[in-house]
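Working notes, structure below.
The values are calculated or read from the model by the stated rules, or taken from the named source; none is laboratory data. All values derive from a computational prediction rather than experimental measurement. For neighbour counting, all protein chains shown are included, and Cβ atoms are generated from backbone atoms with ideal geometry for every residue, glycine included. Note: areas computed on protein heavy atoms with side chains; ligands, DNA, RNA excluded. Shrake-Rupley method; radii C 1.70, N 1.55, O 1.52, S 1.80 Å.
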Amino acid sequence: MRILVLGGTTEASILARLLVDDARFDATLSLAGRTASPKPQPIATRVGGFGGPAGLADWLANERIEAVIDATHPFAARISANAVEACRRVGLPLVSVVRPAWQAVAGDDWRDVGSADAAALALGPAPRRVFLGVGRQELHPFAAAPQHHYVARVIDLPGDERLPPDIRLVQARGPFERAAERALLATERIDIVVTKNSGGSATFAKVEAARDLGLPVIMVARPHKPTGHVVASPEDALGLLAEGRAPSRRGV
Ligand code: NAP
């Protein structure tokens, strides 16, 4: 079966590792091209946008793709909407790997907000030392709250995005460990953490570290993300397709 995996996540990397030795599938992984040097992958990989739902539908038809797995990030809502529309047009099954959101436990001080703009506002007027674990693309809203000192972790350094004036960029790629995250927050004398509710284990350590240190967390809620047939793991996605249990999307 010829499949397309929409990736850029830990789940997509797991799928690539599973697919390389799986004779049932002939798979291509697609990356948006946001990171300058993405992790090497063991299966055929293409990079860059398709040109909206119509471009994706054309690509799927030209490549004679028979099913799509959407393993993109919970905050990547546009590509998922495009995948739903393109699979509907071409009449292909679409399986979406959806990670559960992180949940607060007793004692956590989480403040839920709907966007990075709202997170910047929620930091309040008094200057604070803020850890930003929101990704490079979401740093610019914090320029609207220039009174704070920011420590932001990024995979690639920002280009010409507008940044807050007092910001230190720490370049690193996950997964991250709890003890190291705790040490980073303590060394930087951070008093509040901002993160997206990405779910998964690769970037959860900063939230655990905030928990350990009794720090508040501003948690940016997930956007609405259209899906196909939802599964919880890469293994389930392949199982579903192999058993032919993922319905075609035409006309849905
Ligand atoms: P997005 O807003 O949903 O998508 C914007 C556009 O980028 C899409 O319309 C599409 O362009 C292109 N695109 C996105 N993912 C693609 C993929 N896997 N393959 C080919 N084209 C893709 O996406 P985003 O939030 O910018 O995320 C971009 C990538 O980074 C995704 O692969 C996502 O899994 C990964 N990622 C995102 C986050 C995050 O917080 N947003 C975090 C970690 C990883 P066309 O319309 O031209 O096809």
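Does the range 69-76 include one or more residues that are out of contact with any helix residue (DSSP H, G or I) (no Cβ under 9 Å at 6 or more places or on another chain), of a type in the set (Gly, Ala, Ser), within 16 Å of the ligand (Cβ to nearest atom) and at pLDDT 95 or above? Checked against the condition, which is being out of contact with any helix residue (DSSP H, G or I) (no Cβ under 9 Å at 6 or more places or on another chain), of a type in the set (Gly, Ala, Ser), within 16 Å of the ligand (Cβ to nearest atom) and at pLDDT 95 or above, the range 69-76 yields at least one hit.
Quick grid of which residues meet (1) at positive phi; (2) free of Cβ contacts under 8 Å to residues at least 40 places away in the same chain; (3) open to solvent by 70 Å² or more (accessible area, probe 1.4 Å):
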| residue | (1), (2), (3) |
| --- | --- |
| Asp112 | no, no, yes |
| Ala118 | no, no, no |
| Leu123 | no, no, no |
| Phe131 | no, no, no |
| Ala152 | no, yes, no |
| Ile155 | no, no, yes |
| Pro165 | no, yes, yes |
| Arg168 | no, yes, yes |
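Can you find a residue in the range 80-99 that is of a type in the set (D, E, K, R) and more than 13 Å from the ligand (Cβ to nearest atom)? Write out each step before concluding.
Step one: list which residues in the range 80-99 are of a type in the set (D, E, K, R), which gives 85, 88-89, 99.
Next cut, more than 13 Å from the ligand (Cβ to nearest atom) only: 88-89.
There is at least one residue in the range 80-99 that is of a type in the set (D, E, K, R) and more than 13 Å from the ligand (Cβ to nearest atom).
Taking the listed residues Gly174, Gly159, Gly135, Gly124, the one that is among the small types (Gly, Ala, Ser) and over 23 Å from the mean Cα position of the chain (by Cα) is Gly124, with no other qualifying. Among all positions in the range 24-45, there is at least one residue which is over 21 Å from the mean Cα position of the chain (by Cα), more than 10 Å from the ligand (Cβ to nearest atom), of a type outside the set (Phe, Trp, Tyr) and in a loop (DSSP other than H, G, I, E, B). Cβ-Cβ distances below 9 Å connect the following pairs, each with a first residue in the range 30-42 that is among the charged types (D, E, K, R), a second residue that is surrounded by fewer than 15 Cβ atoms within 10 Å (Cβ to Cβ), and a separation of six or more residues or different chains: Arg34/Gln137; Arg34/Asp156; Lys39/Arg173. If the condition is being more than 9 Å from the ligand (Cβ to nearest atom) and surrounded by fewer than 17 Cβ atoms within 10 Å (Cβ to Cβ), then the range 46-59 contributes Ala54, Asp58. Residues that are assigned to a helix (DSSP H, G or I) and open to solvent by 50 Å² or more (accessible area, probe 1.4 Å) were ranked within the range 60-78; the one that is nearest to Lys225 (Cα to Cα) is Arg78.
Annotation: of all residues in the range 195-225 being over 30 Å from Asn82 (Cβ atoms) and part of a loop (DSSP other than H, G, I, E, B), the one that is most open to solvent (accessible area, probe 1.4 Å) is Gly214. Taking each residue of the range 16-27 that is in contact (Cβ under 8 Å) with a residue 24 or more places away in the chain and looking for partners that are in a helix (DSSP H, G or I) and among the small types (Gly, Ala, Ser) with beta-carbon atoms closer than 7 Å, six or more apart or interchain, yields Arg24/Ala242.
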